[in-house]
Amino acid sequence: MFAEIKGLNEECGVFAVWGHKDAAQITYYGLHSLQHRGQEGAGIVVSDGDTLNVHKGLGLVNEVFDQQTLHSLHGSAAIGHVRYATAGGGGFANVQPLMFRSQVGGLAIAHNGNIVNANNLKLQLENQGSIFQSTSDTEVLAHLIKRSGYWSLEDQFRHALAMLKGAYAFAVMNEHQLIVAMDPNGLRPLAIGRIGEAYVVASETCAFDIIGATYERDVLPGEMVIIDDNGLRSEQYDKSPNPAICSMEYVYFARPDSNVETINVHTARKQLGKQLGIEAPIEADVVTGVPDSSISAAIGYAEQTGIPYELGLIKNRYVGRTFIQPSQELREQGVKMKLSAVRGVVEGKRVVMIDDSIVRGTTSRRIVNMLKEAGALEVHVRISSPPIKHPCFYGIDTSTTSELIASQHSLDEMRDMMGADSLAFLSTDGLMKGIGRNPEMSNCGQCLACFTGEYPTEIYADTVHPHAKV
């Protein structure tokens with residue numbers, strides 16, 4: 001869903017390659033396929049075996065890089081990153097990969113997620129003499145690595161990981177090694193693939209398709225994978241992982257052509273729509289979805305209920321995502337620019353509008369109004385996830401309950417505020433059943449914190465916004 005997620009801004013996208021002569025170009029294409037995960041900045045660090053070279057900037061991937069720049073990045077290994085600002089805010093200093101140089105060589109870090117004890121660690125490190133160059137929580141890892149007292153990057157990284165709490169999918173590279181790691185809960189997705197003899201790592205498997213790579217496996221919760229010229233090896237640095245991948249990866253963040261831990265995202269969303277049709281049917285004439293990430297759920301709802309699916313809402317492909325606008329007024333204007341109701345489809349009809357989630361509710365109100373202005377007799381809103389009532393501290397930009405409409409208002413109040421004729425959300429049980437992960441794991445191996453308020457990790461006091469309720 002492009003429109004409602006102005007508080008659910010996407011985390012980041014990580015890509016890495018080892019052992020390919022065109023590492024920078026491969027990384028460029030990988031980042032391009034992950035562009036939906038971050039539109040504020042992009043960067044690539046390349047290793048030629050002797051030195052690390054970096055190029056990064058603010059903007060989209062194709063704005064930061066051109067052919068001349070890519071050809072100047074020589075080497076057979078690279079890590080790349082696309083970013084949306086969450087912890088630490090925006091600005092060039094926070095664009096990743098973060099790059100560090102020392103007497104023994106370079107170090108580059110790309111990170112998807114949010115370290116919830118970063119402020120505590122920063123205070124300790126500053127008291128020990130560290131000076132931070134950015135406001136990103138990712139920089140904490142570099143200081144922990146250099147202060148570990150160990151010689152090898154593997155030992156340094158392992159020591160640092162033991163001190164971190166929260167969500168992280170890391171790619172760390174020096175001149176001779178690429179190491180990737182996942183937090184013990186596996187909150188963020190990370191997959192490994194092969195392109196010829198080269199290894200590739202990406203936040204989503206859709207990045208493999210664009211470069212012609214084959215999927216090998218996912219990085220496991222609490223796993224550290226080391227890749228160098230001798231091949232790939234891994235270790236379980238955390239011996240008691242507790243899988244809890246972010247449910248919103250399936251609901252909204254990931255591209256529908258990606259597989260997140262072997263589950264196809266489009267299929268999962270379609271099943272969520274079918275489950276929603278079982279839980280919240282309604283008499284209506286047409287079903288439509290809010291482009292793009294709600295389309296799969298809308299198709300599933302239509303199949304389950306027997307109500308025809310139609311393109312009642314059309315997206316203008318030449319307008320940027322509304323969440324990157326700096327104010328609510330500009331965001332709402334962006335909705336008008338980006339979305340149109342199809343009068344010929346909705347006029348005189350009872351419409352079921354499927355959306356994947358609701359954060360503030362302002363965009364839902366505008367879309368309902370748009371459909372009614374186009375002649376819809378009734379608009380019934382159905383949401384293919386549970387109400388988001390609690391803030392996320394793991395890399396999604398909802399840090400307060402005050403901005404979450406479902407935490408402040410009842411279902412009837414939300415319906416009236418949107419101007420809808422009815423409103424229903426999917427249940428948490430329906431969410432887990434629809435996605436179809438392992439039912440033998442706790443919460444089917446999903447993080448449900450934004451729905452239930454039960455967080456898979458400790459939440460530190462200095463992480464919580466003053467108006468957040470945990």
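Answer rounded, prolate or oblate for the range 17-155, using the Cα gyration tensor with square roots of eigenvalues a ≥ b ≥ c: rounded when a/c is under 1.5, else prolate when a/b is larger than b/c, else oblate. Don't jump to the answer; show the numbers that get you there.
Numbers: a/c = 2.27, a/b = 1.34, b/c = 1.70.
Verdict is oblate for the range 17-155.
Label sites at Arg233 and Thr400, each approximated as a point 7 angstrom past Cα along Cα to Cβ, lie 5.0 nm apart. Only helices enter the 222 nm calculation for the chain: every DSSP H run of n ≥ 4 contributes -39,500 (n - 2.57), and dividing by all residues gives -7500 deg cm²/dmol, rounded to 500.
Tell me the carbon and sulfur percent of the accessible area for the range 256-299, rounded to whole percent, probe radius 1.4 Å.
Details: 780 of 1510 Å².
After summing per-atom areas, the C and S share lands at 52 percent.
What does the highest-first list of 107-115, 66-74, 440-448, 285-293 look like by mean Cβ count within 10 Å? Show your work: numbers first, answer last.
Numbers: 107-115: 27.2, 66-74: 12.6, 440-448: 18.3, 285-293: 23.3.
In descending order of packing, they fall as 107-115, 285-293, 440-448, 66-74.
Site pair Ser340 and His74 shows an inter-label distance of 5.1 nm when each label is modelled 7 Å from Cα along Cα→Cβ.
Using 0.36 nm per residue, how much length does the chain from Trp151 to Phe92 gain when fully extended, once their Cα-Cα distance is taken away?
Numbers: separation 59, 0.36 × 59 = 21.24 nm, distance 3.08 nm.
My answer for the length gained is 18.2 nm.
Looking at the chain, the accessible area is 38 square angstrom per residue; that uses a 1.4 Å probe and ignores ligands, DNA and RNA. Other residues lying with their Cβ under 13 Å from the Cβ of Gly306 contribute a combined charge of -2, Lys and Arg counting +1, Asp and Glu -1. Label sites at Asp209 and Asp429, each approximated as a point 7 angstrom past Cα along Cα to Cβ, lie 3.4 nm apart.
For a protection proxy built on the mean count of beta-carbon atoms within 10 angstrom, sort 27-35, 189-197, 235-243 highest first, please. Can you show the working numbers first?
On the way: 27-35: 24.9, 189-197: 19.3, 235-243: 15.0.
Answer by packing, highest mean first, reads 27-35, 189-197, 235-243.
So how do 152-165, 263-276 stack up, highest first, on mean other-Cβ count within 10 Å? Kindly include the intermediate steps, with their values, before the conclusion.
Values: 152-165: 18.5, 263-276: 23.8.
Order by mean packing, descending: 263-276, 152-165.
Between Glu216 and Asp412, the contour length at 0.36 nm per residue exceeds the Cα-Cα span by 65.8 nm. Of the chymotrypsin sites (Phe, Trp or Tyr not before Pro) found in the range 53-154, those in coil by DSSP whose Cβ has at most 11 other Cβ atoms within 10 Å are Trp151.
In terms of the Cα gyration tensor, with a ≥ b ≥ c the square roots of its eigenvalues, is the range 345-470 rounded because a/c is under 1.5, prolate because a/b exceeds b/c, or oblate?
Working: a/c = 3.08, a/b = 1.61, b/c = 1.91.
Here the range 345-470 falls in the oblate category.
Label the range 124-228 by shape, choosing from rounded, prolate and oblate, from the square roots a ≥ b ≥ c of the eigenvalues of the Cα gyration tensor; if a/c is under 1.5 it is rounded, and otherwise prolate applies when a/b is larger than b/c, oblate when it is not. It comes out prolate by the Cα gyration axes. Within straight-line reach of Lys389, meaning a Cα separation under 17 Å, sit the following aspartates and glutamates at least 8 residues removed in sequence or on another chain: Glu4, Asp355, Asp356, Asp397, Glu403, Asp412, Glu413, Asp429, Glu454.
Just want to confirm a number: the relative contact order over the chain, from Cα pairs under 8 angstrom separated by 6+ residues, in percent.
Values: 1177 pairs, mean separation 70.7, N = 470.
Once divided by the residue count of the chain, the mean separation gives 15 percent.
If you take every residue apart from Gly49 with its C-beta less than 14 Å away from the C-beta of Gly49, what net charge results, scoring Lys and Arg +1 and Asp and Glu -1? The partial results should precede the final answer.
Values: positive: Lys21; negative: Asp48, Asp50, Glu175, Asp228, Asp229.
Once positives and negatives cancel, what remains is -4.
Extents of the chain, largest first, come to 71, 45, 43 Å (Cα atoms, principal axes, whole angstrom).
The distance linking the range 293-318 with the range 365-430 is 17 Å (Cα centroid to Cα centroid, whole angstrom). Pairs with C-alpha atoms separated by more than 21 Å, drawn from the list Lys270/Lys338; Lys274/Lys372; Lys270/Lys433; Lys122/Lys146, are Lys270/Lys338; Lys274/Lys372. For Glu126 and Ser442, a Förster radius of 41 Å and the Cβ-Cβ distance give a FRET efficiency of 0.65, rounded to the nearest 0.05. Restricting attention to the chain, close to 80% of DSSP beta bridges with both partner residues there are antiparallel.
The values are calculated or read from the model by the stated rules, or taken from the named source; none is laboratory data. It should be emphasised that the depicted structure is a prediction, and the values quoted were computed from it without experimental measurement. All Cβ positions, glycine included, derive from the backbone under ideal geometry; neighbour counts span all protein chains shown. For the accessible areas, the whole protein counts, side chains as well, though only heavy atoms, and no ligand, DNA or RNA atoms are used. Shrake-Rupley method; radii C 1.70, N 1.55, O 1.52, S 1.80 Å.
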